[in-house]
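The values are calculated or read from the model by the stated rules, or taken from the named source; none is laboratory data. Fair warning: this is a prediction, and the values are worked out from it, not measured in the lab. Note: ideal-geometry Cβ built from the backbone for every residue, glycine included; neighbour counts use all protein chains shown. Heads up: the accessible areas ignore ligands, DNA and RNA and are worked out on the full protein's heavy atoms, side chains in. Shrake-Rupley method; radii C 1.70, N 1.55, O 1.52, S 1.80 Å.
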Protein chains: 2
Amino acid sequence: MPYAEHTVTVDASISVVWDLLVDVEGYARIFPPTQDVKIIEGDSTYQIARFVVDVNGETATWVSRRDIDAGRHVIAYRQLETAPIVGRMGGEWRAFPFGADRTQLVLTHDFETREAVDGKVAGRFSPEEADAMLHAAVERNSVADLNAVKSEAERLVAEPA
Amino acid sequence: MPYAEHTVTVDASISVVWDLLVDVEGYARIFPPTQDVKIIEGDSTYQIARFVVDVNGETATWVSRRDIDAGRHVIAYRQLETAPIVGRMGGEWRAFPFGADRTQLVLTHDFETREAVDGKVAGRFSPEEADAMLHAAVERNSVADLNAVKSEAERLVAEPA
């Protein structure tokens, strides 16, 4: 199964970074492609949330479950309903304290392209096209999402609310 | 200045990973392109070592200083003498405990291509060629080096000496 790990150093304490990661409804403010996130149910240990996201100019929607381990600073996410070309999408946000005022932020993905039906994925793409699109999206979104959290965390440190 | 961060999850405790990272003369055993490493001087806090490495089929040699922060599990390295196309090469190995028996291993690079002399870098390459070669080498070596440490650490856990 395809698997990817990406990382970035954030010049903010782990508590600043962690608060951003847990506030899933705030993702619409941080991640430019994310238009809306609403928690359907949850508590301090998990969230089930509906995401509305612009994917290559089209609005996609999916539901994710996020299991929150505040002790280890890990959020394990997986899409319960997936976007049209996605068969499986999951992974982890991990935050590691790096001294008192820096954080090593890691984002992992494990994923599968959706199975083709009558030779087409999502009615439109060959399996190879869909695979390439999904790999490219994971690569692009990993870099964008990590940098979005980094920018917002560093902005909060520079300009405390 | 170009900057890159890469990461991998290692299924071994941080002490196993850290011992591998500190044992710089052992790199010739772990990293296939590394033919020989000799410590010129050092103690528990730093090492100055000469590396002999196969780079694209040619033997390159350089001297690196490594500052060892055992408390934070960080080794900051920089080449004192650089390979022919390299103007500056430095970065950090960082290891973070991820539970008791896993480690998040991070490798960062900040680097510059060597300045051209009479339009050529190392007497042979245009600045654009040298830049592209160095970026590709950093990308390729990051993935290879992280996976080499991961493989060796996981082998040690599976088959204790």
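A few comments on the model shown:
- Sole residue being among the polar types (S, T, N, Q) and open to solvent by 40 Å² or more (accessible area, probe 1.4 Å), chosen from A:Thr113, A:Thr103, A:Thr82, A:Thr59: A:Thr59
- Of the criteria (1) more than 11 Å from chain A (Cβ to nearest Cβ); (2) in contact with a strand residue (DSSP E or B) (Cβ under 6 Å, 6 or more places away or on another chain), which one B:Ile30 fails: (2)
- Qualifying residue in the range B:37-49 (condition: charged (D, E, K, R), open to solvent by 10 Å² or more (accessible area, probe 1.4 Å) and either in contact (Cβ under 8 Å) with a residue 60 or more places away in the chain or in contact with a Ser or Thr (Cβ under 9 Å, 6 or more places away or on another chain) (or both)): no
- Index of the failed condition, A:Ala130 passing every other in (1) at pLDDT 95 or above; (2) assigned to a helix (DSSP H, G or I): (1)
Residues are listed down the side, and each one gets a yes or a no for (1) within 15 Å of B:Gly91 (Cα to Cα); (2) in a strand (DSSP E or B):
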site: B:Gln35; (1), (2): no, yes
site: B:Ala49; (1), (2): no, yes
site: B:Val53; (1), (2): no, yes
site: B:Ala60; (1), (2): no, yes
site: B:Arg66; (1), (2): yes, yes
site: B:Gly71; (1), (2): no, no
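- Single residue of the range B:1-27 satisfying the filter (open to solvent by 30 Å² or more (accessible area, probe 1.4 Å) and without any contact (Cβ under 8 Å) to a residue 24 or more places away in the chain) that is nearest to B:Val157 (Cα to Cα): B:Ser15
- Considering the range A:116-153, the residues that are among the acidic types (Asp, Glu) and within 19 Å of the chain's Cα centre (by Cα) include one that is most open to solvent (accessible area, probe 1.4 Å), namely A:Glu139.
- For the condition farther than 19 Å from A:Val17 by Cα, assigned to a strand (DSSP E or B) and in contact with a strand residue (DSSP E or B) (Cβ under 9 Å, 6 or more places away or on another chain), A:Phe96 does not qualify.
- Residues of the range A:1-17 classified as among the polar types (S, T, N, Q) and more than 18 Å from the chain's Cα centre (by Cα), total: 2
- Condition met for B:Arg94 (basic (Lys, Arg), within 14 Å of chain A (Cβ to nearest Cβ) and touching a Phe, Trp or Tyr at 6+ places or on another chain (Cβ under 9 Å)): yes
- Listed by first and then second residue, the pairs linking a residue in the range B:98-116 that is more than 15 Å from B:Asn141 (Cβ to Cβ) to a residue that is polar (S, T, N, Q) and in a loop (DSSP other than H, G, I, E, B), with Cβ atoms under 6 Å apart and 6 or more places separating them unless they lie on different chains, are B:Asp101/B:Ser13.
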